[in-house]
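Nothing in this text is a laboratory measurement; each read-out follows from the coordinates by a stated rule. Computed from a prediction, not measured in an experiment: that's the story for all the values here. Backbone-built Cβ (ideal geometry, glycine too); neighbour counts: all protein chains shown.
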Amino acid sequence: MQRTSVRFIAPVLAVTLVTGCGAMLSKLGMGERGTETAWSRARPVAFSSPECSKVIRPLGGPNDDYNAISTKKDPSAEAQILLLICPRRSMIGTYGHELPTWPLIEKLDPEESYFAQDDTHPDVIGAALSVVGIANRKQDDRNDHDDPRASETGLALFWSTVIPPAEVEAALAPVQLAPDAKQAFLAFYRAAPSMLRVDLLSPVERNLVVDIPVAVYKERQAHITEYRQLYDRLAALRAEAAAARAKGSDLGALIDKLVALRGEFLVRCGKLECKNRPLYADATRELATLDVVRGDVVAARAESSLFAARGSYVAGLPQAVRAAQAREAAKLREQRAKFRKAKDSGADDATARQLAGGEGAQLDSHFFLEPPMALANFAAALEHGDSIMPSSAEVASLKVTGATAHVVFKLNRIEYEEPYDCKRTNRITRIRDDGSLEYEEDCKYRKVTDSKAAHPPIDLPASEAKGLRVGEMLSFLSGKTGARVVEVRRKDAVVQLRGDRLP
């Protein structure tokens with residue numbers, strides 16, 4: 001009996017797996033047209049299987065001499081793993097050019113996968129696919145990529161640092177692939193860091209694209225572990241909300257539960273910065289979505305406004321990493337400016353470094369991955385010429401009646417000078433268009449004080465006004481369907497977000 005094998009090239013792993021008989025040779029590629037490409041032979045893991053035909057088009061088809069080979073989307077773990085571990089072959093076409101084996105599906109974009117990551121429940125397989133995909137940059141022979149950019153190399157090193165192979169192996173258990181395919185992918189994951197051009201990263205660059213993301217991830221994981229019970233409750237509520245939206249069920253009770261959970265988290269966490277944690281932001285996003293579904297445009301807009309400004313959303317993993325990188329990059333730029341100033345003043349390199357605390361660095365913006373740093377306005381789908389006005393005013397009084405709180409705002413006192421006892425002089429000040437003359441007037445002036453409300457009274461849901469105090473500055477949105485709290489300040493300190501009072 002003839003045998004075929006899957007081999008893992010040293011130093012990664014050295015095993016031989018017997019997988020069939022001679023009847024399968026042509027399916028396994030040994031009888032296919034063409035030869036294995038140099039890139040494919042150089043891979044740290046050699047793997048072949050009949051399943052590869054699901055993701056790679058074999059040579060010998062009628063359209064081999066054409067480059068326009070269409071692909072389809074298939075984000076499944078099974079398809080994406082095969083795309084990365086299956087060999088590639090090539091042959092010389094009719095017109096003397098090399099014809100590679102084309103992929104049948106689109107490969108995962110590591111950047112898009114990273115931006116979609118939710119580290120409260122990390123997508124381990126998605127991260128592993130990114131690591132192997134970046135290390136395996138020339139897997140798609142249609143695009144002969146150069147080495148990955150520093151940001152991509154950093155992404156692969158980051159994921160391979162925080163996700164050990166044992167976690168990848170556990171995550172592979174439910175994947176519907178043969179054991180040898182899983183082992184090949186796992187071996188590739190282990191080998192991937194050594195395939196990256198780490199030597200192209202300076203110590204400063206490595207700190208920015210690897211060390212800082214690792215530190216942010218670990219700190220966030222410690223936070224998520226501390227509040228795991230609340231995060232699990234949020235996950236259950238979000239699943240319940242998805243089911244309720246699909247059935248068209250009443251959402252009022254769900255909204256109340258989400259508001260209560262968000263408020264409980266803010267009290268336990270105890271700081272304004274807790275707004276930038278995943279639980280508060282994810283609960284807010286879910287509330288905005290539910291408000292849109294039930295048609296409450298003002299409430300949806302109020303929820304969205306918490307993270308609508310550019311740079312205001314740093315609760316996601318990519319956003320938290322980018323914010324930390326931005327802070328460090330700013331320090332480096334400032335250090336670089338001090339270093340250059342010292343050099344321009346005649347100092348030698350050693351003295352300039354001592355004065356500046358180092359040489360610093362000037363990094364281009366494309367050095368970093370750039371996730372969206374604001375959330376969408378979820379209410380936009382409902383706003384059809386509706387006038388929703390943002391306002392701020394000091395609370396003068398409030399009265400709660402049942403489910404409604406009536407808020408009256410402080411009067412603004414305006415002082416100005418009023419003319420009186422005016423007498424016309426004979427001095428001409430101008431000639432009007434109609435030819436008439438305008439004369440100067442000699443007036444006396446007195447101070448007048450007037451009062452005007454900063455904003456007409458509003459009605460709020462009592463649940464959002466239960467902690468409101470006279471003298472606090474209330475920022476709110478108002479429209480046809482009422483008003484909603486956005487933020488409350490006492491002097492310069494934020495003391496409330498939506499209906500949630502800070503402890």
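Computed quantities for the displayed model
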| item | result |
| --- | --- |
| Which listed pairs, of 331/491; 399/480; 275/466, have C-alpha distances above 24 Å, in listed order | 331/491 |
| Helix axis angle, 252-269 relative to the chain longest principal axis, alpha carbon, degrees | 90 |
| Segment 156-206: equivalent-ellipsoid semi-axes (sqrt of 5 x gyration tensor eigenvalues, Cα, Å) | 27, 11, 6 |
| Angle between the chain longest axis and helix 150-162 axis [Cα atoms, degrees, rounded to 10] | 80 |
| Cα-based Rg / Dmax (Å) for segment 424-467 | 24.6, 66 |
| Residue 432 versus residue 480: modelled label distance in nm, points set 7 Å from Cα along the beta carbon direction | 4.4 |
| Amide hydrogen neighbours beyond the local backbone of residue 472, cut-off 5 Å, H modeled | 395 |
| Cβ-based exposure ranking for 344, 459, in which fewest neighbours within 10 Å come first | 344, 459 |
| FRET efficiency for residue 199 and residue 308, using Cβ-Cβ distance with R0 set to 56 Å, rounded to 0.05 | 0.85 |
| Net length gained if the chain between residue 76 and residue 211 were fully extended (0.36 nm per residue, minus Cα distance) | 45.6 nm |
| Principal axes of segment 353-474: Cα extent on each, largest first, Å | 73, 62, 41 |
| Ranked list, fewest to most other Cβ atoms within 10 Å of each Cβ, for 416, 280, 227 | 416, 227, 280 |
| Calculated FRET value between residue 344 and residue 367, using beta carbons and R₀ = 30 Å, to 0.05 | 0.75 |
| 26 Å Cα-Cα reach of residue 182 towards lysines, excluding residues that sit fewer than 8 places from it in its own chain | 27, 54, 72, 73, 107, 138 |
| Environment charge at residue 412 (Cβ cut-off 15 Å; Lys +1, Arg +1, Asp -1, Glu -1) | 0 |
| Segment 204-382: equivalent-ellipsoid semi-axes (sqrt of 5 x gyration tensor eigenvalues, Cα, Å) | 43, 17, 12 |
| Base-10 log of normalised Debye intensity for the chain (one unit scatterer per alpha-carbon) at q = 0.07 Å⁻¹ | -0.61 |
| Burial ranking of peptide ranges 486-494, 334-342 (average Cβ count within 10 Å, highest at the top) | 334-342, 486-494 |
| Whole-Å semi-axes of segment 199-275's equivalent ellipsoid (Cα gyration tensor) | 36, 17, 10 |
| Residue-wise HN-Hα coupling along segment 218-234, computed from phi with Karplus coefficients 6.51, -1.76, 1.60 (Hz; x: Gly, Pro) | 5, 5, 5, 5, 5, 5, 4, 5, 4, 10, 4, 4, 5, 5, 5, 5, 5 |
